[in-house]
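Reviewing the structure listed below.
The values are calculated or read from the model by the stated rules, or taken from the named source; none is laboratory data. None of these values were measured; they are calculated from a predicted model. Glycine gets a Cβ as well: all are built from the backbone with ideal geometry, and neighbour counts include every protein chain shown.
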């Protein structure tokens, strides 16, 4: 996982030079943030004595991770992050969907909700 470190530097740029924005989130694992029972539970709009868990961030650690699920200009982020990206073919996507469905059915079967999944064929959609 690629991380970014916040530094104390400001730089003003022309909007024309900005290629893309990036969404980052505090790196709780790297900062060793703690989870404590300090959030009062609310019931019927009233606080109770029961405490829920919440994250206590260590903001002394300026590490952040890239939220890759929210990337808009993905190609612009791959080069600086040095993430190798092999080309993905349509059949690769189809196989990934079938594998994911198979795993999902297995997890449901382990709970005893469904019968065993039937075998599925992988056919390139452009051939059908």
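Figures for the structure shown
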read-out: Selection within the range 83-98 - at pLDDT 70 or above and either closer than 26 Å to residue 24 by Cα or not in a helix (DSSP H, G or I) (or both); value: 84, 85, 86, 87, 88, 89
read-out: Extreme residue, modelled with the highest pLDDT, among residues of the range 65-78 that are surrounded by fewer than 12 Cβ atoms within 10 Å (Cβ to Cβ) and within 20 Å of residue 6 (Cβ to Cβ); value: 67
read-out: Filter result for residue 101 (assigned to a helix (DSSP H, G or I) and modelled with pLDDT of 85 or more); value: yes
read-out: Members of the range 1-19 that are in contact (Cβ under 8 Å) with a residue 40 or more places away in the chain, more than 19 Å from residue 57 (Cα to Cα) and out of contact with any strand residue (DSSP E or B) (no Cβ under 7 Å at 6 or more places or on another chain); value: 19
read-out: Matching strands (runs of 3 or more DSSP E) fully within the range 20-64 where at least 3 residues are in contact (Cβ under 8 Å) with a residue 24 or more places away in the chain and surrounded by 10 or more Cβ atoms within 10 Å (Cβ to Cβ); value: 24-26
